[in-house]
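Laboratory data are not the source of any read-out in this text; all were calculated from the coordinates shown. No experiment lies behind these values; they were computed from the predicted model shown. Every residue, glycine among them, receives a Cβ derived from its backbone with ideal geometry; neighbour counts consider all protein chains shown.
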């Protein structure tokens, strides 16, 4: 069976810094892959390469067996770490951004109705539709960002640190929302995070990135029984271990 | 070796300057290519007309009013040295329409608009809003740069035309209330002396300056560094480069329009 997303020998360097050193990874249809790894290990670069925001130096990216292209973006949704809502427009226009433009453009009234429905799906009341992003709290911005990511019913959704900056309760709410929505939509997802509670709530599969390689990859159920010392150190959060840290 | 150090520094500066010129030229070409290919975001263009054109009217109008008044005083005082005080209406009109209207209008808009464009786009870059646009299948060049270029290039000539009228009115006001000129004679001398080309050359300059203002704002915003420092630098560079390019372009256009 063809993988939904297939990466082969993906490499990317910035000057003399080799960030990705040959990433090979398959993500199956409706799979929820969470990529974990320390800060600066290239998780965001990997995501941006798949999204086409950064051009990789080598290797290939295939979506549904076809080389990734600008066209692939139409099947993607993305929740950014800081939500990245457009602060010059109200929340509903952010959510309906794709519905208001492009080939599948809808009338404004219809796009607004869909946006409000999506906002309600992520737990935001219809009154938030006409607020500007700066008037929302961090948690509400994340929810609005999630509503925008799912508004056009994408087949593939990317989540970049979805719980960063949120309190544990709000993190739990966002994790649950992502998990519910993804299974409702049957979407394929890639999430990057440091948050192990997100991993356990969202993932069907986990990949650990270390020194530009996929160091460990397997079903989330194998996470606690895996003996890999790097993975064990990351899960336990121990300062001592094979992963070198600055002190 | 130390003797050659200044030459090395000069060489590096020259190469860096040439690289910057190349980057701006490529950015401008890319913007022009996007300008003539669909989609065109009409709503964003209208929004930019409001922001760049309409909201710059007070700044341009006040600048023109005071400049027209000061120009009348200067020409009167200078003209008095060789008994040519009577040329005030003609020199104010030609000075405003050919030079001061477009140049000062362009510089004021550079200060107000290039900085705002650079700061807005740089902040969007820092907060990943530009990346978000791409993930929403929207080309930032089309969505952010093209509407600003169109709006600035088309609204600057209108601002210059309004500025010209207000500037000439400033000269008229000072001349008739402070310098003893007859109202009807002043207006008659102004309209009788001005030729169509005096005004249209200034409007063409305005269009060129509008393009420069938007181009520099967008270029520095899109290429800003990270964090608050990156946004600050982008804003400063946009205003400085737009102002210098306006003055350089003004000389070149004046040479092209009026030498021979």
Residue exposure sequence - A:140, B:216 - by fewest surrounding Cβ within 10 Å: A:140, B:216
Inter-part distance where region B:10-30 and region B:184-212 are each reduced to a Cα centre, Å: 34 Å
Tilt relative to chain B, helix B:183-193 - C-alpha long axis, 0 to 90 degrees, to 10: 60 degrees
Residue of B:80, B:31, B:242 that the Gaussian network model of chain B assigns the largest fluctuation, springs spanning Cα pairs under 10 Å: B:80
Share antiparallel - DSSP beta bridges, region A:113-247, percent rounded to 5: 55 percent
Percentage relative contact order, chain B, counting C-alpha pairs under 8 Å, at least six apart: 29 percent
Beta bridge orientation in the protein assembly as shown: antiparallel %, DSSP, nearest 5: 55 percent
Highest-MSF residue in chain B out of B:71, B:29, B:62 [GNM, Cα springs under 10 Å]: B:29
Per-residue [θ]222 nm for chain B (sum of -39500 (n - 2.57) over DSSP H runs n ≥ 4, rounded to 500): -26000 deg cm²/dmol
222 nm mean residue ellipticity, helices alone, for chain A (DSSP H n ≥ 4; -39,500 (n - 2.57); rounded to 500): -9000 deg cm²/dmol
For chain A, built as a Gaussian network whose Cα springs stay under 10 Å, the top-fluctuating residue of A:20, A:100, A:231: A:100
Helix A:108-121 axis, angle to chain A major axis (alpha carbon atoms, nearest 10°): 50 degrees
Ascending count of other beta-carbon atoms within 10 Å, so fewest first, for B:220, B:34: B:34, B:220
Relative contact order (%) - region A:65-132, alpha-carbon pairs under 8 angstrom, separation at least six: 32 percent
Antiparallel %, DSSP beta bridges [both residues in region A:5-236], to 5: 55 percent
Rel. contact order, % - alpha carbon contacts under 8 angstrom, at least six apart, region A:5-236: 27 percent
Principal-axis tilt of helix B:5-35 within chain B, Cα atoms, nearest 10 degrees: 90 degrees
Sequence of B:108, A:78 once ranked by neighbouring C-beta atoms within 10 Å, starting from the fewest: B:108, A:78
